[in-house]
Amino acid sequence: MSVRPPLDRAPILERFGAAIEDLGPVHGIDVFAVPPEQIVEFCRFLKEHPALRFNFLSDICGVDHYPETPRFEAVYHLYSLANKWRVRIKCRLGDPPQVASVTGVWRTANWHEREAWDMYGIRFEGHPDLRRIYMWEGFEGFPQRKDFPLRGYRDKLNPFGAEGPPPTQPDLVTRDIPEGSQLTPEPRK
Amino acid sequence: MTEVTELERPEGEALNTREVLLNLGPQHPSTHGVLRLVLELDGEFVERVDPHIGYLHRGTEKLAESFTYTQIFPLTDRLDYLCPPSNNLAFALAVEKLLGIEAPIRAQYIRVLMAELARISGHLLITGALPMDLGAMTALLYVMREREMIMDIMEMITGARMHTSFCRVGGVREDLPDGFLPKIREFCEIFPNRIRDYEQLLETNRVFLKRTQGVGIISGEDAIDLGLSGPNLRASGVDWDIRRDEPYEIYDRLDFKVITRTEGDCYARWRCRVDEMRESIRIIEQCLDQMPEGRFQVDMPTIAFPVDKERVHCSMEALIQHFDLSAYGFVVPKGEVYSAIEAPKGELGFYIISDGTPKPFRMKVRAPSFVNLQGLFGVSNARYLADMIAVLGSLDPVMAEVDK
């Protein structure tokens with residue numbers, strides 16, 4: 001993608017300077033590490049600055065760096081339709097992870113943030129409707145965390161899951177299964 | 001209307017106008033898969049819509065963390081199952097960027113050709129399915145005829161009709177087969193006339209026009225704000241196509257138009273796709289004309305499988321290479337990459353973090369359908385329940401991709 005002109009980073013560094021970390025272009029995308037308390041301000045600046053105009057939010061995703069600390073990370077991918085630039089914003093979060101929501105900047109952030117909450121348990125403060133999006137209501141745990149077993153935890157409905165902490169809300173997680181049904185655990189050959 | 005109600009109403013009682021909560025789906029033919037819309041209805045007007053997704057969630061991203069890079073290709077097939085070659089291509093490009101390699105030119109042409117065939121296949125379905133949702137059944141039967149031709153071509157190239165898994169990191173699995181050229185030339189010749197057939201069927205269908213024109217308008221600003229991409233965004237007048245603006249593979253050598261419309265209604269979104277199919281045919285023809293001879297895989301034994309299967313059976317080195325790649329995969333250097341392509345549904349991006357092992361540390365799929373479905377919230381003037389069906393159909397979500 002060499003045809004793209006490089007990102008004009010002067011206004012960003014001028015405005016935020018020491019508060020953010022400029023990690024330079026990585027595989028054609030400019031990366032900035034931003035502390036969680038400045039994320040909304042930073043995003044709004046990128047979107048509204050007349051020379052940058054990052055008006056398109058491609059993606060928000062959570063990352064679990066277990067067992068590193070700080071453990072979590074929220075990664076934002078922005079695109080500028082006018083200048084054809086891409087930017088990645090990385091935001092390291094502690095445990096429990098918490099960061100301000102950018103739904104006020106882009107409406108599309110709504111579902112992305114719900115997904116990150118569902119999968120990693122990242123709490124987006126100020127999100128209008130932070131519910132699980134893929135997993136059902138009453139599901140325990142955050143399935144894409146590195147310490148969540150690939151096959152889930154063993155319970156009545158999942159005989160092949162890993163041994164783990166018993167569900168804290170058994171009435172929500174397990175349902176009535178008739179005695180002697182085929183779902184009783186059977187060793188896999 | 002009011003008078004009748006007045007007459008029928010029992011004397012002294014107020015008219016009961018309670019809001020109704022209606023579940024549309026998860027099993028409903030016009031939700032295009034297992035989507036459940038919880039609708040708050042006031043009579044026939046939709047007051048609020050709350051999409052519930054996740055019925056098809058297979059945990060692609062979690063699974064990918066335990067697979068080698070080559071094993072992930074079949075997973076990507078199952079995202080947007082109407083056009084697997086595009087998904088394969090997006091993933092292969094991301095890994096290739098991390099590795100710092102590029103596929104040989106011939107492989108790039110083959111990939112683009114297949115991605116465009118897939119685009120036609122995906123667009124064809126919505127060309128027929130949207131009118132079917134609105135009561136015009138005929139077109140669907142005709143588009144299936146042409147999709148069958150594409151399926152046959154896919155089968156000829158890859159051996160599979162739907163889940164092709166044809167891309168590999170650093171190229172494609174095999175070269176194009178003999179007898180492929182006349183078949184695809186025939187398709188390119190026939191298909192533009194067939195598009196004209198659909199247009200004649202549907203553009204004179206007053207019911208179809210009434211139910212799509214001026215219905216479900218999404219303005220350009222709203223579309224950007226909601227993150228729509230692909231034909232949904234271009235139908236709202238935003239001129240953005242990753243194939244042209246951030247050319248990947250050999251798209252910069254090809255001549256094609258980016259279709260935009262200004263209306264932003266259901267009809268414009270449908271129309272955009274019909275016109276894009278014409279451009280795809282042009283791209284395929286150019287690919288066929290320009291395609292050079294040469295390798296279809298990079299010449300890197302640590303990444304690419306042995307080209308000559310015979311050698312695996314009689315040469316020790318080739319056997320080891322094959323076994324190593326199958327059992328352990330190849331190591332991808334530490335780093336992270338985001339790579340997006342213009343898939344038929346919009347911007348399909350793969351964000352991969354590698355920790356220097358043969359399996360990705362984190363793979364995030366930026367699925368276009370997932371984001372496009374939020375377009376339901378940006379619709380300004382579709383108030384009837386029946387309009388909701390038209391809007392949903394025209395946004396063209398594939399639930400397998402929404403739920404990942």
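Conditions (1) of a type outside the set (D, E, K, R); (2) closer than 28 Å to B:Met291 by Cβ, marked per residue:
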position: B:Gly171; (1), (2): yes, yes
position: B:Phe187; (1), (2): yes, yes
position: B:Thr204; (1), (2): yes, no
position: B:Phe208; (1), (2): yes, no
position: B:Ser229; (1), (2): yes, no
position: B:Ala235; (1), (2): yes, no
position: B:Asp239; (1), (2): no, no
position: B:Asp252; (1), (2): no, yes
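Return the residue satisfying two criteria in turn: it lies in segment A:55-79 and is assigned to a loop (DSSP other than H, G, I, E, B) and either farther than 17 Å from B:Glu246 by Cβ or free of Cβ contacts under 8 Å to residues at least 24 places away in the same chain (or both), and of such residues it is nearest to the other protein chains (Cβ to nearest Cβ). For segment A:55-79, the residue satisfying everything is A:His65. Among the residues of segment B:340-349, those identified as within 10 Å of chain A (Cβ to nearest Cβ) and farther than 15 Å from B:Asp396 by Cα are B:Ala340, B:Gly349. Tell me, yes or no, whether segment B:257-271 has at least one residue that is small (Gly, Ala, Ser) and surrounded by 14 or more Cβ atoms within 10 Å (Cβ to Cβ). Yes: segment B:257-271 contains one or more residues that are small (Gly, Ala, Ser) and surrounded by 14 or more Cβ atoms within 10 Å (Cβ to Cβ).
Of all residues in segment B:358-385, exactly one satisfies the criterion of being among the polar types (S, T, N, Q), within 20 Å of A:Cys61 (Cβ to Cβ) and more than 11 Å from chain A (Cβ to nearest Cβ), namely B:Ser369. Of all residues in segment B:396-404, none are within 11 Å of chain A (Cβ to nearest Cβ), open to solvent by 20 Å² or more (accessible area, probe 1.4 Å), outside any helix (DSSP H, G or I) and more than 17 Å from B:Leu125 (Cβ to Cβ). Taking the conditions (1) touching a helix residue (DSSP H, G or I) at 6+ places or on another chain (Cβ under 9 Å); (2) surrounded by fewer than 20 Cβ atoms within 10 Å (Cβ to Cβ) in turn, A:Thr69 satisfies each one other than (1). Need the failing condition index for A:Lys90 against (1) assigned to a strand (DSSP E or B); (2) within 14 Å of chain B (Cβ to nearest Cβ); (3) open to solvent by less than 10 Å² (accessible area, probe 1.4 Å), just the number. For A:Lys90, the failing item is (3).
Checking each residue in segment A:24-48 for being in a loop (DSSP other than H, G, I, E, B), within 11 Å of another protein chain (Cβ to nearest Cβ) and in contact (Cβ under 8 Å) with a residue 12 or more places away in the chain picks out only A:Gly28. Taken as a whole, the condition of being of a type in the set (D, E, K, R) and either in contact (Cβ under 8 Å) with a residue 40 or more places away in the chain or open to solvent by 70 Å² or more (accessible area, probe 1.4 Å) (or both) does not apply to A:Glu140.
Here is a yes/no grid of residues against (1) within 9 Å of chain A (Cβ to nearest Cβ); (2) out of contact with any Ser or Thr (no Cβ under 6 Å at 6 or more places or on another chain); (3) surrounded by 21 or more Cβ atoms within 10 Å (Cβ to Cβ):
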| position | (1), (2), (3) |
| --- | --- |
| B:Thr212 | no, yes, yes |
| B:Ser219 | no, yes, no |
| B:Asp222 | yes, yes, no |
| B:Gly227 | yes, no, yes |
| B:Pro231 | no, yes, yes |
| B:Gly237 | no, no, no |
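Looking across segment B:33-62, the residues that are farther than 18 Å from B:Met399 by Cβ and either within 14 Å of chain A (Cβ to nearest Cβ) or not aliphatic (A, V, I, L, M) (or both) come down to B:Glu40, B:Asp42, B:Gly43, B:Glu44, B:Phe45, B:Glu47, B:Arg48, B:Lys62.
Of all residues in segment B:288-302, none satisfies being part of a helix (DSSP H, G or I), open to solvent by less than 30 Å² (accessible area, probe 1.4 Å) and at pLDDT below 90. Within segment B:1-59, which residues are of a type in the set (S, T, N, Q) and either crowded, with 17+ Cβ neighbours inside 10 Å or modelled with pLDDT under 80 (or both)? Listed by number, the residues that qualify are B:Thr2, B:Thr5, B:Asn16, B:Thr17, B:Ser30, B:Thr31.
Please determine whether any residue of segment B:261-270 is outside any helix (DSSP H, G or I), touching an Asp or Glu at 6+ places or on another chain (Cβ under 9 Å) and within 14 Å of another protein chain (Cβ to nearest Cβ). The answer is no, given that none of the residues of segment B:261-270 is outside any helix (DSSP H, G or I), touching an Asp or Glu at 6+ places or on another chain (Cβ under 9 Å) and within 14 Å of another protein chain (Cβ to nearest Cβ).
Residue-by-condition table, conditions (1) touching a strand residue (DSSP E or B) at 6+ places or on another chain (Cβ under 9 Å); (2) not β-branched (Val, Ile, Thr):
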{"residue": "A:Leu7", "(1), (2)": "yes, yes"}
{"residue": "A:Gly17", "(1), (2)": "no, yes"}
{"residue": "A:Leu52", "(1), (2)": "yes, yes"}
{"residue": "A:Asp64", "(1), (2)": "yes, yes"}
{"residue": "A:Phe72", "(1), (2)": "yes, yes"}
{"residue": "A:Val105", "(1), (2)": "yes, no"}
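Residue count for segment B:239-249, restricted to those that are touching a Phe, Trp or Tyr at 6+ places or on another chain (Cβ under 9 Å) and surrounded by fewer than 17 Cβ atoms within 10 Å (Cβ to Cβ): 1. Within the option set A:Ala116, A:Ala100, A:Ala51, A:Ala82, being open to solvent by 10 Å² or more (accessible area, probe 1.4 Å), out of contact with any Asp or Glu (no Cβ under 9 Å at 6 or more places or on another chain) and either within 22 Å of B:Ala223 (Cα to Cα) or more than 9 Å from chain B (Cβ to nearest Cβ) (or both) holds for one residue only, A:Ala82.
The values are calculated or read from the model by the stated rules, or taken from the named source; none is laboratory data. No experiment lies behind these values; they were computed from the predicted model shown. Note that we place each Cβ from the backbone using ideal geometry, even for glycine, and neighbour counts take in every protein chain shown. Protein only, heavy atoms only, side chains kept; ligands, DNA and RNA dropped before computing areas. Shrake-Rupley method; radii C 1.70, N 1.55, O 1.52, S 1.80 Å.
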